[in-house]
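J.: The structure's right below; bear with me while I get my questions together.
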Amino acid sequence: MMQKIYSPEKITAMAKDLFRYERSKQRLDGWFIAKETECLCKDKYSQYDEETKKAYILKEMVNAIPLEISENHIFVGTQDDAFAKSYALINPTFKVEEFSGYCDPTAVFNDIDINEEFTKERIEKIREIYSKTPYVTQLSEVYNKAENDTKEVAYFIEQVTGHLVPDFRYALKYGVLDMMEKAAPAMKIALESVIILAKRYQELAKEQLNGASKERAEQLKLIIDTLDVVPKKGATNLYEAIQMFILLWQVMCLEQSPNPFAFSVGNADRIFEPYRNGLDREYTASLLKHFLVFFNVADRSWAISQNILVSGRDIDGNDLTNDTTYALLDAYYDMNLPQPILSVKLHKNTPDKLYGELGRFFFSPGVLTPSLFNDDSLYSMLSAYGVDDEDLPDISVAGCQEPLIMGKDNANTTNSWLNLPKILELTLTGGISQLTGEKLADIPKGNLSNIREDFYKNVGFYAKRMADSANGAAMALSNERVPFLSCFMGGLESGIDQRDITKQGTKYNGSGCLIHGISIVSDSFIAIEKMLNEHPEYADKLVDALKNNFEGYEEIREFLLSCNKYGNNIPDADNAAVEVTNKVADIVSSQKNYLGNSFRPDFSSPSTHLLYGYWVGATPDGRKAREMLGYGIDPLFGEATNGMGFRILSNMKLPYEKMVGGYASHLGIDPKYFRSESYEDKGVEFKVKIVNPLFFSKDTGVAPFYLYVNVTTPETLRKVLANPKKYAPSGVYIMRIHGTFVNFLDLSPAIQEDIIKRLDPHSTALGA
Amino acid sequence: MKIFQKGFNYSQDGPGNRLVYHLSGCNLKCRWCSNPEGMVQKPGKYTEVTVQEILDEIISCKPMFFSGGGVTFTGGEPTLQFDELKKLLTLLKKNEINTAIETNATHPRLCELLPCIDHLIMDFKHFNKDIHKEWTGLENTVTFENFERVCNSKINAIVRIPVINGFNNTPDGFVEYFKTFDTHNISFEILPYHEFGKVKWESPYTVENGFITKKDLESFEKAFINNGLKIIHM
């Protein structure tokens, strides 16, 4: 039926038109309608427990949102109603100095443009009701209590919405009706929502039959017939499977509206392969193009950090790449969209064919590049962490790079954020800010000759306070139950809501802590110790020099800058970075979350190296006040000067077995080092020169497991900015920024500059 | 030892991924030199390290010597620091590390190093001593002797010929000279002139119109092949 109606060329053309249409949307009002519905109907269900209440509210929301099927939709469904125009980094008015986190859940009401329909009164009325909910009031208390610690970001905390990987495989196979028979009462009601939604879309499609062209009528009939099958029953082909996936995703996001960033798909190639039924690569790719467009929300693709994985291995090390993997890559390459993110799990037995097919992504300017994961290393690390063998093939990525198990792991990934250089600053001064002079904490002034121990003591002090606050945020959020999502996170078996803070609903649970600035701290230790040996006369002046941002102390700064730095394979500097990573990881792991599980050290800094750096005074490594911190585990920009080989060797020494929450690392690679002619050969060359040394050459311990790259040069990007019409005629020039893609031209100037700086070509030179 | 630059490259100066050390100082003054900053051992322009320190560093880099890689010493001219280089190469062989040197082959004791070198890369810039001296500041009598010794030694060696317009852009003379030897262990690499290092020259750069044509390059390679001389491209 489907193949009679659509050729793959037709499906592709419609996907491209659909994306253009989506990008033309200037308003996102659906989330407000959903929130308004929730606020106005809450009392109606006050007699029920929280889960049941939320399930009924979800049904009301599904009935309230306006639906649309445009002429280019071959599938019905959207996640537009779950997102607002909020994500700061893709907002051109964003300023580093004004960023204050996403701590105020009512701030989103500022992100809607007032018009005749959405009047100020209407918006304010809902904001008022919302601000009195237990969730918002409890969260405000948590933030107020932590204010002294968070105002200059010694740490930061947030309530974590999204950031999970639901397992839809059972639903796709057996259908929602089957699940409802097994589900706890609240979850059963919540599951009805997706059936209601499908029914509404089906009715709309039927209405559109009137006056439709013959061609469109055939397409609409396919939609109508498909919605007779899914989501109630299991999917029998790829078209039905994609349709069902989209509707489940829509309801899941709506349940957490607004802005449940970073929900991720998991291994889409493995999820969809069983439904392909021999469909060829071209046709499969064309359908998947619509799947990819679905993840893009409005004019700037506001649903950020949704991640799709491909490839990887099984427990015995066999490769799991399949035909859908290659079709999905074709879809990504041809569409080149800002969302969703593409990640690839590589391992020792990854076939060269896959590297070859990846070549075009790395070496076509302005085309998205996948994040790379070392599946061998992830298996070792997570196995040691306690993940069962049977779950290891389902290692997925929530958001940017945090590894967790699809459908089984509530990792609360971005719950807390620790700013090590700020803690070092406060250690050196005894709790006084070098930027404002304000006393921020009652801690003793550290002793330079004992700086490491004094620093770690204060990390312990702040980590405890951070964990308390982060747990407070998680507890506040537990007022907002998620019975629908819970069905895909182990709740079908356990009956426990995924946000329950007293009973563990998911097989695995933890809370994340993003640790910032290891290289600044370790380079500072080295510089302080060398200074005490060689220039003890500087010791008494150091704190003043930092306070004055080295003005009048240029000689001291020269000396500090000349000391050994992490990233050059110099033993003392690298050992210091290893020590900081180990000790801080241990301190963070020893903190317990609301269920008594450990916090997971995550050494990543999704642009927060810039935001938090703004709140750190000058540091003893020679860095000036308010300058960026190092990105993730990478050396600070400009400090690794001996090229790629030495940088990788330094990088390899870090204790990856402790980075159970993940980490971030980026290489800006100059394409001139790759001399093969074809994209396929360049892809294999990329394996030999970058992937093999980084991922597969460490002989002991856990090897690095994550990398993202931008294959370009600072000069190229400056040309793109100066003349976007020439270098990016489509208006889209995709770059990687931490774990996600962005349209480089959409970014705020500060973030554009950050990307250019961090290409740091000296640190990745492949020639000598 | 005096080092002015170090870093990794892949399959350029020997096989696989290699850590390349540029040793400071050179006895030639080639007009086209692409590393002029390494010609003279000027204080502040190099880092002084002991043999043991370099050895430790190289051992710490072992994971990066993949695809048959290892260490290459180039310059400047590495054999100017002969005794230390010999000591280091001996220690590297004891540690089973693949070694290569890239040399202008003007050092009379070059062949003493051969037992601890896996890959010898030697320049042979001209077959005429006077022209060689005019363009490099030194006659290459010793290079001729070393070439003969290398042919007899059976070590696998690459002989590099930088081809520069106005200096040596025809194969005549080269072929006649090389074919008098048994060169079965030698591969020849023809390097067309480039100006990657021109910006680094502090004194005036005196090569004009040094680029060779594709035809020149082809005639070089053809003449070598026709005379049974092996050509390689790295």
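The values are calculated or read from the model by the stated rules, or taken from the named source; none is laboratory data. What you see is a predicted model; the values in this text were computed from it and never measured. Neighbour counts are summed over all protein chains in view; Cβ atoms, including those assigned to glycine, are modelled from backbone coordinates with ideal geometry.
J.: Do we have A:Tyr727 as more than 14 Å from chain B (Cβ to nearest Cβ), surrounded by fewer than 21 Cβ atoms within 10 Å (Cβ to Cβ) and among the aromatic types (Phe, Trp, Tyr) here?
T.: In short, yes.
J.: If I filter the stretch A:483-517 down to residues being touching a Gly at 6+ places or on another chain (Cβ under 7 Å) and aliphatic (A, V, I, L, M), which single residue comes out as nearest to A:Gly266 (Cα to Cα)?
T.: Keep residues of the stretch A:483-517 that are touching a Gly at 6+ places or on another chain (Cβ under 7 Å), which gives A:486, A:488-491, A:494, A:496-498, A:505-507, A:512-513, A:517.
Those left that are additionally aliphatic (A, V, I, L, M): A:489, A:496.
Numbers: A:Met489: 13, A:Ile496: 22 Å.
Once the filter is applied, the top-ranked residue is A:Met489.
J.: Okay, moving on. Given the condition in a helix (DSSP H, G or I), more than 12 Å from every other protein chain (Cβ to nearest Cβ) and under 28 Å from B:Ile164 (Cβ atoms), answer yes or no: does some residue in the stretch B:57-79 qualify?
T.: Step one: filter the stretch B:57-79 for residues in a helix (DSSP H, G or I), giving B:57-60, B:62-64, B:78-79.
Subsequent filtering for residues that are more than 12 Å from every other protein chain (Cβ to nearest Cβ) retains B:78-79.
Cutting the leftovers down to under 28 Å from B:Ile164 (Cβ atoms) gives us B:78-79.
Taking every residue of the stretch B:57-79 in turn, at least one turns out to be in a helix (DSSP H, G or I), more than 12 Å from every other protein chain (Cβ to nearest Cβ) and under 28 Å from B:Ile164 (Cβ atoms).
J.: Return the only residue of A:Phe686, A:Phe705, A:Phe695 being more than 14 Å from chain B (Cβ to nearest Cβ), of a type outside the set (A, V, I, L, M) and touching a Phe, Trp or Tyr at 6+ places or on another chain (Cβ under 8 Å).
T.: Unique residue meeting the criteria: A:Phe705.
J.: To continue, here is another question. Here are A:Val732, A:Val720: which of them is out of contact with any Phe, Trp or Tyr (no Cβ under 7 Å at 6 or more places or on another chain) and not small (Gly, Ala, Ser)?
T.: A:Val732
J.: Among the helices (runs of 4 or more DSSP H) lying completely within the stretch A:392-499, list those that include at least 1 residues that are in contact with a Phe, Trp or Tyr (Cβ under 6 Å, 6 or more places away or on another chain) and crowded, with 20+ Cβ neighbours inside 10 Å.
T.: Qualifying helices (runs of 4 or more DSSP H): A:420-429, A:451-477.
J.: Within the stretch A:240-262, identify whether any single residue is outside any helix (DSSP H, G or I) and closer than 12 Å to A:Leu172 by Cβ, and answer yes or no.
T.: no
J.: Let me ask something additional. Can you name the residue in the stretch B:1-45 that is outside any loop (DSSP other than H, G, I, E, B) and of a type in the set (Phe, Trp, Tyr) and is also nearest to the other protein chains (Cβ to nearest Cβ) among such residues?
T.: Filtering first and then ranking leaves B:Phe8.
J.: Within the stretch A:675-715, restricting attention to residues that are touching a Pro at 6+ places or on another chain (Cβ under 7 Å) and hydroxyl-bearing (Ser, Thr, Tyr), which residue is nearest to A:Phe373 (Cα to Cα)?
T.: A:Ser697
J.: Evaluate the following for A:Pro365: is it surrounded by fewer than 21 Cβ atoms within 10 Å (Cβ to Cβ) and modelled with pLDDT under 95?
T.: So A:Pro365 fits the description; yes.
J.: Give the residues of the stretch A:563-588 that are assigned to a helix (DSSP H, G or I) and within 14 Å of another protein chain (Cβ to nearest Cβ), sorted by residue number.
T.: A:Pro571, A:Asp572, A:Ala573, A:Asp574, A:Asn575, A:Val578
J.: Going by the conditions given, is A:Thr700 within 10 Å of chain B (Cβ to nearest Cβ) and touching a His at 6+ places or on another chain (Cβ under 7 Å)?
T.: It is false that A:Thr700 is within 10 Å of chain B (Cβ to nearest Cβ) and touching a His at 6+ places or on another chain (Cβ under 7 Å).
J.: When you scan the stretch B:161-192, how many residues do you find that are in contact with a strand residue (DSSP E or B) (Cβ under 7 Å, 6 or more places away or on another chain) and surrounded by fewer than 20 Cβ atoms within 10 Å (Cβ to Cβ)?
T.: The number of residues fulfilling the criteria is 6.
J.: Moving to a separate point now. Would you mind stating whether A:Leu354 is touching a strand residue (DSSP E or B) at 6+ places or on another chain (Cβ under 9 Å) and more than 21 Å from A:His666 (Cβ to Cβ)?
T.: Spelling it out, A:Leu354 is indeed touching a strand residue (DSSP E or B) at 6+ places or on another chain (Cβ under 9 Å) and more than 21 Å from A:His666 (Cβ to Cβ).
J.: Tell me which residues, restricted to the stretch A:713-730, are in contact with a helix residue (DSSP H, G or I) (Cβ under 7 Å, 6 or more places away or on another chain) and touching a residue at least 60 places away in the same chain (Cβ under 8 Å).
T.: Scanning the stretch A:713-730 gives A:Val720, A:Tyr727, A:Ala728.
J.: What number of residues in the stretch A:31-59 are closer than 30 Å to A:Leu220 by Cβ, buried (at least 19 other Cβ atoms within 10 Å of the Cβ) and free of Cβ contacts under 8 Å to residues at least 60 places away in the same chain?
T.: Selection size over the stretch A:31-59: 1.
J.: Further question on the same structure: Tally time: how many residues in the stretch B:143-160 are outside any loop (DSSP other than H, G, I, E, B) and crowded, with 17+ Cβ neighbours inside 10 Å?
T.: Residues that pass the stated criteria total 9.
J.: Suppose the filter is of a type in the set (A, V, I, L, M, F, W, C), touching a helix residue (DSSP H, G or I) at 6+ places or on another chain (Cβ under 9 Å) and under 18 Å from B:His119 (Cβ atoms); does B:Ile232 pass it?
T.: Answer is no for this residue.
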